[in-house]
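Structure, as structure tokens:
The values are calculated or read from the model by the stated rules, or taken from the named source; none is laboratory data. None of these values were measured; they are calculated from a predicted model. Note that we place each Cβ from the backbone using ideal geometry, even for glycine, and neighbour counts take in every protein chain shown.
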Amino acid sequence: MTETPAALRTMISPGRYVQGRGALQSLGANVAKLGNRPVVLADDIVRELTETTITKSFGEAGLPVVFERFNGVPTAAESRRVAEVLREQGADAIVGVGGGAPIDTAKAAGDDTGLPTVSVPTVASTDAPCSALSVVYTAEGAFEAYRFYDRNPALVLVDTQLAANAPARFLVAGIGDALATWIEARAVEQSNAATMAGGQATGAGRALAKLSWDILWESALPAVHAVQSNLVTPAVEAVVEANTLLSGLGFESGGLAAAHAVHDGLTAVEHTHGLAHGQKVNIGSITQLILEGRPTAEINDFVEFTTRVGLPTTLTEVGLAGAEDSVLRTVAEAATDPAETIHNLPFPVTVTEVVDALKAVEVTGRAVRADKGLPEPVAHQH
């Protein structure tokens, strides 16, 4: 019997990454390297935004234009439906256009059919586009499972003008998702736990996670201000890359820990529905920093910075103002499920400890706001 080496280190990444203003115009030329009969998955709003450019780009590359409507939630049933459409169309590639939900569904359908997947995020709101996994949700919007694939997308293409034209809250959410990358990779390094790539972390994965963090502390605020006026500046380019590529590679090959587990827990209660992935992840990041017993100054700096960026830093802002202990225990129980990444922390964590850390998020967030003269938190209405 052959033993599996215990310390294999793994780094995975998309086949090609393309980013810049007007990048969507080159989609056809890039997709033509992968197939001759692509299907484009997008919801109605994204199709309206992109169809003219995609049609022209595909035409110049000699590709047919076939759009399939994404139905809104990345459920297992939706990915099976899209896979059947690919078979009926005789497709040889799938292009997911929009946010994380259609892209995750495109990856799942591509895996079901053995076709190469192309990610075309129109917002820089998550690090999903680059990864070899999808987050599967229930029809009601609760986290169900991670689904892992043997390969990453063949192509990730990001038009930064599209990202800048989107409401700034999308970029803000992406910053929340990406800031967690280093917080979690640092913990995984301490525990030597497995990453989402299926091995131990590489130095490259950790370095990219840290680079994402450094860029965001330097450029997040000016990038958000620029996007509020639909401008593409060097800060916007840097933050889009940090949110999409660096965080994508960093979380997958650097590892996840408590921040994303707490996000998953928050999806288990209806109070948080309607919030973006990165908004809930930011609550998870603060929760992890508290669980780790990080220095007070470090926690307070993170809370102040992410408040200024526009991310939620209190339970009030994610719909849990005055929530009963039973609600917080539901969150904590989901976050500490045996399959969850919270167990990648270098110490064991109990449900009660997570509940107390969540309560401390509210106390800390309010204290920092009061100390720094920042506005009171506004309650999220689900």
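Overview of results
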{"item": "Members of region 148-193 that are outside any helix (DSSP H, G or I) and acidic (Asp, Glu)", "result": "Asp150, Asp159"}
{"item": "Residue that is farthest from Leu328 (Cα to Cα), among those in region 212-253 that are in contact with a Leu (Cβ under 7 Å, 6 or more places away or on another chain) and small (Gly, Ala, Ser)", "result": "Ala223"}
{"item": "Search result, residues across region 28-68 that are within 22 Å of the chain's Cα centre (by Cα) and either basic (Lys, Arg) or in a strand (DSSP E or B) (or both)", "result": "Val40, Leu41, Ala42, Arg47"}
{"item": "Tally, over region 135-165, of residues that are crowded, with 19+ Cβ neighbours inside 10 Å and at pLDDT 95 or above", "result": "12"}
{"item": "Any chance Asn243 is touching a residue at least 60 places away in the same chain (Cβ under 8 Å), within 28 Å of Ala367 (Cα to Cα) and assigned to a helix (DSSP H, G or I)", "result": "no"}
{"item": "Residues of region 202-233 satisfying the condition of being of a type outside the set (A, V, I, L, M), part of a helix (DSSP H, G or I) and either farther than 22 Å from Glu252 by Cβ or not assigned by TED's automatic domain parsing to the domain that holds Gly310 (or both)", "result": "Glu218, Ser219, Pro222, His225"}
{"item": "Residues of region 350-379 satisfying the condition of being hydrophobic (A, V, I, L, M, F, W, C), outside any helix (DSSP H, G or I) and in contact with a Ser or Thr (Cβ under 6 Å, 6 or more places away or on another chain)", "result": "Leu374, Ala379"}
{"item": "Residues (basic (Lys, Arg) and under 14 Å from the mean Cα position of the chain (by Cα)) located in region 241-296", "result": "Lys280"}
{"item": "Qualifying residue in region 88-96 (condition: crowded, with 18+ Cβ neighbours inside 10 Å, farther than 25 Å from His277 by Cα and either in contact (Cβ under 8 Å) with a residue 60 or more places away in the chain or among the small types (Gly, Ala, Ser) (or both))", "result": "yes"}
{"item": "In region 69-87, the residues that are part of a helix (DSSP H, G or I), closer than 18 Å to Asp43 by Cβ and touching a residue at least 40 places away in the same chain (Cβ under 8 Å)", "result": "Ala77, Ser79, Val82, Val85, Leu86"}
{"item": "Residues satisfying the stated conditions in region 42-60, i.e. of a type in the set (Ser, Thr, Tyr) and surrounded by fewer than 16 Cβ atoms within 10 Å (Cβ to Cβ)", "result": "Thr52, Thr55"}
{"item": "Options Leu41, Leu63; residue that is more than 30 Å from Ala201 (Cβ to Cβ), touching a residue at least 60 places away in the same chain (Cβ under 8 Å) and not basic (Lys, Arg)", "result": "Leu41"}
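Let's see how each residue does on (1) of a type in the set (A, V, I, L, M, F, W, C); (2) at pLDDT 95 or above; (3) farther than 27 Å from Trp217 by Cβ:
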site: Ile286; (1), (2), (3): yes, yes, no
site: Glu292; (1), (2), (3): no, yes, no
site: Ile299; (1), (2), (3): yes, yes, no
site: Thr307; (1), (2), (3): no, yes, no
site: Gly310; (1), (2), (3): no, yes, no
site: Asp325; (1), (2), (3): no, yes, yes
site: Thr350; (1), (2), (3): no, yes, yes
site: Arg369; (1), (2), (3): no, yes, no
